[in-house]
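Scroll down for the structure; my scribbles are underneath it.
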Amino acid sequence: MLEIGKDILVSLDVVERYFHCNLDDCLGECCIEGDAGAPLTEAEAEELRRLLPRIKPYLSPKAREVVEREGVSYIDEDGDLVTQLVDGANCVFTTFGEGGVCLCALEKARREGETDFFKPVSCALYPVRVKEYDGFTAVNYHRWKICKGAEVMGRAKNIRAFEFLQEPLTRRFGKEWYDELAFTAREYLRQKEKL
C-alpha cells in the first residue's frame, strides 16, 4: 500500500496493474453484473433526482417505470447508497448500443448537451473501488474476470490503472492528490525495475 495525502491508502495493484477499458471485449458488463447498483454519494443521488426529467428520455421503458415507482437510488444490504436496478440486475441507467454493448444513459445525456453531470464517480473509477473506513480511506483495485481484456489492452498500450483513471481519481481526490499519486507511483515502479 502507498499512503497518498492524509489517511488515503492506495493498493499497489492500482499502480502495478495495466488497464485500459476495452468495450469491444467486455461489452460494458460491469453495468449489468453484480449484486447491487453503482455506489453513489448523497450529492450524486440528489443531482440525479434533480436531473431526472432531462435523463428520462435516455432510459429504457422498464427503467423509467422503476425510477418513477422507486426513485433513482436505494440503500443496499451493506447499507450503501446505490443506483436502482432493473429486474435485480442492470443499473437503471444502462442502455444498449450496437452489438449489445452497454452504454450509460447519463453519459449519453451529457454528450448530447442535456446535462453537465458526469456519471457517478464510482462508475468512472472502475475497476478502482474507494471505501471509507474509520480513520482512513482505501483505494483498491477490483480484479474481475470481465476486465481481463482491459488488462491485456492496458499492457499493450503500456498504461497503468492509475494513469488510465487520472480524470476520475482527480475528480474524487483533487489534482494535488493525483499528482502526488502519479509521482509516487512512477518512483515506486522505477525502483521496482531496479530490483
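Quick look at the values:
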{"quantity": "Flag if PHE162 is under 26 Å from THR41 (Cβ atoms), touching a residue at least 60 places away in the same chain (Cβ under 8 Å) and not in a helix (DSSP H, G or I)", "calculated": "no"}
{"quantity": "Within segment 1-29, considering residues that are on the phi < 0 side of the Ramachandran plot and touching an Asp or Glu at 6+ places or on another chain (Cβ under 7 Å), the one surrounded by the most Cβ atoms within 10 Å (Cβ to Cβ)", "calculated": "PHE19"}
{"quantity": "Segment 137-195, subset of a type in the set (Val, Ile, Thr) and touching a strand residue (DSSP E or B) at 6+ places or on another chain (Cβ under 6 Å), residue most open to solvent (accessible area, probe 1.4 Å)", "calculated": "THR184"}
{"quantity": "Residues that are outside any helix (DSSP H, G or I) and either under 15 Å from ASN22 (Cβ atoms) or hydroxyl-bearing (Ser, Thr, Tyr) (or both), drawn from segment 125-157", "calculated": "TYR126, PRO127, TYR133, THR137, TYR141, TRP144"}
{"quantity": "Unmet requirement for PHE96, which otherwise passes all of (1) over 21 Å from SER11 (Cβ atoms); (2) open to solvent by less than 90 Å² (accessible area, probe 1.4 Å); (3) in contact with a Gly (Cβ under 9 Å, 6 or more places away or on another chain)", "calculated": "(2)"}
{"quantity": "Any hit, segment 166-175, residues being part of a helix (DSSP H, G or I), among the hydrophobic types (A, V, I, L, M, F, W, C), in contact (Cβ under 8 Å) with a residue 12 or more places away in the chain and over 18 Å from GLY28 (Cβ atoms)", "calculated": "yes"}
{"quantity": "Residues of segment 1-60 that turn out to be more than 27 Å from GLU193 (Cα to Cα), hydrophobic (A, V, I, L, M, F, W, C) and not in a helix (DSSP H, G or I), as a count", "calculated": "6"}
{"quantity": "Qualifying positions in segment 61-85 - open to solvent by 20 Å² or more (accessible area, probe 1.4 Å) and of a type in the set (Val, Ile, Thr)", "calculated": "ILE75"}
{"quantity": "Subset of segment 30-52 (residues that are open to solvent by 40 Å² or more (accessible area, probe 1.4 Å) and either out of contact with any helix residue (DSSP H, G or I) (no Cβ under 8 Å at 6 or more places or on another chain) or over 20 Å from THR137 (Cβ atoms) (or both))", "calculated": "CYS30, CYS31, ILE32, GLU33, GLY34, ASP35, GLU42, ALA43, GLU46, GLU47, ARG49, ARG50"}
{"quantity": "So LEU103, is it under 20 Å from the mean Cα position of the chain (by Cα) and either outside any helix (DSSP H, G or I) or within 26 Å of PHE162 (Cα to Cα) (or both)", "calculated": "yes"}
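The values are calculated or read from the model by the stated rules, or taken from the named source; none is laboratory data. Because the structure is a prediction, the values reported are computed rather than measured. Using ideal geometry, Cβ is built from the backbone for each residue, glycine included, and neighbour counts are taken over all protein chains shown. These area figures cover heavy atoms from the full protein model, side chains too; ligands, DNA and RNA do not enter into them. Shrake-Rupley method; radii C 1.70, N 1.55, O 1.52, S 1.80 Å.
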